[in-house]
1. Grab the beta carbon distance between Ser534 and Ser39, set R0 = 45 Å, and tell me the FRET efficiency rounded to 0.05.
2. Assuming 0.692 mPa s and 37 °C, estimate D for the stretch 454-558 with Stokes-Einstein, Rh taken as the Kirkwood radius over Cα pairs, in µm²/s.
3. Mind sorting Met143, Met477 by how few other Cβ atoms lie within 10 Å of their own Cβ, fewest first?
4. If I take every Cα pair under 8 Å that is 6 or more residues apart in the stretch 454-558, average their sequence separation and divide by the length, what percent do I get for the relative contact order?
5. Counting only C-alpha contacts under 8 Å and six or more residues apart, can you give the relative contact order of the chain as a whole percent?
6. Cα-based Rg of the chain per 2.2 N^0.38 Å, rounded to two decimals?
7. Quick one: of the DSSP bridges fully inside the chain, what percent are antiparallel, nearest 5?
8. Take the chain, mark every one of the trypsin sites (Lys or Arg not before Pro) that falls in a DSSP loop and has at most 11 other Cβ within 10 Å, then report the longest stretch left between them, sites excluded.
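Since every read-out is calculated from the coordinates, none of them should be taken as a lab result. Predicted, not measured: the structure shown is a model, and the values here were computed from it. Ideal geometry is used to build each Cβ from the backbone, glycine not excepted, and the neighbour counts take in all protein chains shown.
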Amino acid sequence: MDGACGSAPIPLSGEQVRQFIADGYLTLRPSLPRKLHESIRRRLDQAVPDRKGNPGNNILPLVPEMRHVLGSPEVHGALQTLLGPDYLEHPHRFCHVEEPPAGPGADLPVPERRAKLAANCHQDSYTPLARPRYHHIRYARVMYYPQDTPEPLGPTHVIPGTHLNTVLSDAERARPIPAAGPAGTISITHFDVGHAAGINRSGQRRFMVKFIYQRASPPAPGGWPGADHRWRDPQRYGGDRQSLAWSHLWDWLRGAGDRYASLRGGALPHAGRPAGSAGAAARALADDRPCAERVAAAEALAALGAQAAPQIPALLGVLNRRPDPVRVAAAYALGAIGAPAVGPLIDSLRGRGAAAPVLSDRLEASGRGPGAIETALPLDDAAFALAAAGAAAVPALQELLRGGDEWARLNAAFALGEIDRQAQAAVPALIAALDDPSHLVVRAAADALGAIGSPEAAAPLGRLFRVSRPGWDEEAMRSWTARDQVRVNAATALARLGRGATAAEGDLIRALDDRCGQVATYAVEALRRIGSPSALAAALGLLAAERWDPSITPANGF
């Protein structure tokens with residue numbers, strides 16, 4: 001995406017990045033004139049008459065002035081810092097409107113208001129069909145307020161530190177923080193952070209326009225501009241301390257070849273605690289210990305690296321269990337142990353798949369309920385641990401992708417994508433997985449190929465636009481079928497490949513007529529990034545035909 005304002009992007013500082021990694025959100029105020037936000041608010045008032053009249057993804061063409069906000073140096077720079085300079089804009093946009101209370105006594109008492117807000121807290125789905133949740137910053141949500149939005153107007157509330165969760169606990173639901181601010185305030189959040197709309201107690205409508213962005217390529221060595229590349233816990237954070245996971249994500253984001261460089265460099269002051277042997281640290285993982293002690297115990301084992309191999313069973317025992325900080329710390333401790341942990345993690349994936357061979361049962365057992373497949377895919381903590389282990393896990397993950405059950409294959413494809421550039425050797429296995437009968441495995445393999453960024457995947461990905469398999473054409477959710485989502489994932493992966501997608505140019509040109517608008521949107525972006533005369537002509541031809549004139553009204557037809 002290119003900045004719309006012409007000014008140089010302003011990257012986030014190291015401290016802002018550390019805060020985002022820890023809390024899962026940041027608040028920015030772009031340096032734009034107030035009259036711009038006032039104009040946008042008026043246009044939104046006309047464009048969104050009520051809930052039934054919400055234009056959904058078409059809100060930006062209706063109010064195109066918002067492009068100046070999205071392309072402002074502050075927003076553009078923040079997205080470049082978090083998602084890389086070639087980030088993509090997701091087709092999904094939405095204008096959330098909180099209407100003023102109606103009737104006498106509409107303002108709820110404080111206890112009831114807090115209870116309602118807690119009940120509304122959630123983690124978003126990757127609409128319309130499920131995607132995995134990511135620890136790495138692969139998606140970011142931009143929330144824009146065109147009007148002054150103090151707490152009584154009902155700003156979105158966020159729950160700091162919940163972006164690594166699988167679900168939200170009652171305690172977490174009780175501590176949301178309002179992302180309030182003056183007109184023009186922007187909140188950038190990790191896509192998976194817990195949040196909820198506030199309760200509007202004012203006399204005016206509250207607008208919040210949501211945009212989604214995604215990473216196109218793996219972080220480049222050297223990270224963002226500046227020399228502040230040493231991990232330290234942020235000065236302030238709102239959730240539980242998870243320094244091991246945070247520092248790993250930091251090392252990944254700055255493009256370090258060793259994603260445990262901060263741990264091995266002594267940047268985690270808590271990693272040596274509790275004092276004592278590896279056995280004592282393993283015993284401190286027990287359920288009867290306080291959460292903070294259990295996290296510290298996992299970090300102590302991580303600091304020992306391969307020397308902690310005898311304690312692998314203790315770490316495996318807390319995966320996929322609450323509380324979230326403990327399971328996350330255990331996963332990244334197993335990744336730090338490295339090669340000795342790979343075999344036991346693979347066995348764990350095979351065993352859990354065998355225990356619930358039908359994937360819908362496996363998802364229901366995760367606590368997400370039978371509808372989980374339509375919200376987000378709660379993948380196994382073992383997959384995150386294997387991804388954290390990096391290149392050492394790639395051979396075993398390839399074998400699992402070729403010969404595991406559906407659950408194991410899905411998790412293997414996901415883990416290889418999270419390893420990204422270090423999983424280049426797995427590209428042939430991932431291409432072969434595009435022929436899998438499971439659309440979930442095919443979608444995960446397409447995502448992984450896009451994350452790794454290999455041109456040899458272009459032609460096989462392009463063929464997915466024409467593939468259908470048993471059950472793929474049945475409506476799954478919101479009128480979408482599994483085949484629709486397969487095509488979207490394929491188009492997304494090709495857009496991420498940039499010039500590397502040249503071999504699929506013909507398939508992408510044909511995809512401009514796809515009945516799913518998101519497929520066509522990604523196809524346009526892929527063709528633009530390919531950049532050949534024929535690709536650009538096809539993309540511009542569609543855009544010219546779909547040109548929207550927001551000045552047209554019932555009273556002004558010209």
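1. Details: r = 39 Å, r/R0 = 0.86.
My answer for the efficiency is 0.70.
2. Numbers: Rh = 14.6 Å.
The calculation lands on 226 µm²/s.
3. On the way: Met143 21, Met477 18.
Ranked by crowding around the Cβ, least crowded first: Met477, Met143.
4. On the way: 122 pairs, mean separation 25.0, N = 105.
So the answer I get is 24 percent.
5. Numbers: 1087 pairs, mean separation 69.3, N = 558.
About 12 percent, as a whole number.
6. Values: Rg = 23.4 Å, N = 558, 2.2 N^0.38 = 24.3 Å.
Rounded to two decimals, the normalised Rg is 0.96.
7. On the way: 33 of 35 bridges.
Roughly 95 percent of the DSSP beta bridges within the chain come out antiparallel.
8. Details: sites that count: Arg51, Lys52, Arg236, Arg478, Arg515, Arg547.
It works out to 237-477.
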